[in-house]
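Heads up, the thing below is written out as structure tokens.
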């Protein structure tokens, strides 16, 4: 009898826990943002103006790499915590070959950046910032490599001009955003 009551109490407790946790799970999945659906392409970033830059590139006939480079450039220009420093990684899927290409745009280390050089300066490790930092920013070079190797717009002979134009679009979008914000504050 006692074992039967213990099983009954345990199953009642388990049922109550399940019932109480069910509404929490449903409410945690709700969002204020609408679901997104894209039939041919979609441009998504943490910055709406950067997504606009990607959408503009898609509308001009660019591929996902072209749009991604425009969005990286726009985000790096608009987001002060990201800036143009650091590194950029990309995984590019080619649906025609079924291959995934990985790009790690870490940047390059100066040839003189050796352990002996830093020890001679009295440093245990290379500094994180400044002219003696271990590597140069890799994002600009990564964007240029992605556009040159996998971008679609305007062909290979104008590959570097395309990157410059996309970066100029990012700067122009940021300028418009700043002007709009200044008018709103005034």
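Where a number appears in this text, it was derived from the coordinates with a stated rule and is not lab data. Keep in mind the model is a prediction, meaning the values are calculated, not measured. Glycine gets a Cβ as well: all are built from the backbone with ideal geometry, and neighbour counts include every protein chain shown.
Observations on the model:
- Label sites at residue 42 and residue 106, each approximated as a point 7 angstrom past Cα along Cα to Cβ, lie 3.3 nm apart.
- Relative to the current alpha-carbon distance between residue 92 and residue 165, full extension at 0.36 nm per residue lengthens the span by 24.1 nm.
- Residue ranges 126-136, 44-54, 67-77, 100-110 sort as 67-77, 44-54, 100-110, 126-136 when ordered by packing (mean number of other C-beta atoms within 10 Å per residue, highest first).
- Computed E for residue 99/residue 60 - FRET, C-beta separation, R0 22 angstrom, nearest 0.05: 0.25
- In terms of other Cβ atoms within 10 Å, 146, 42, 56 run from fewest to most in the order 42, 56, 146.
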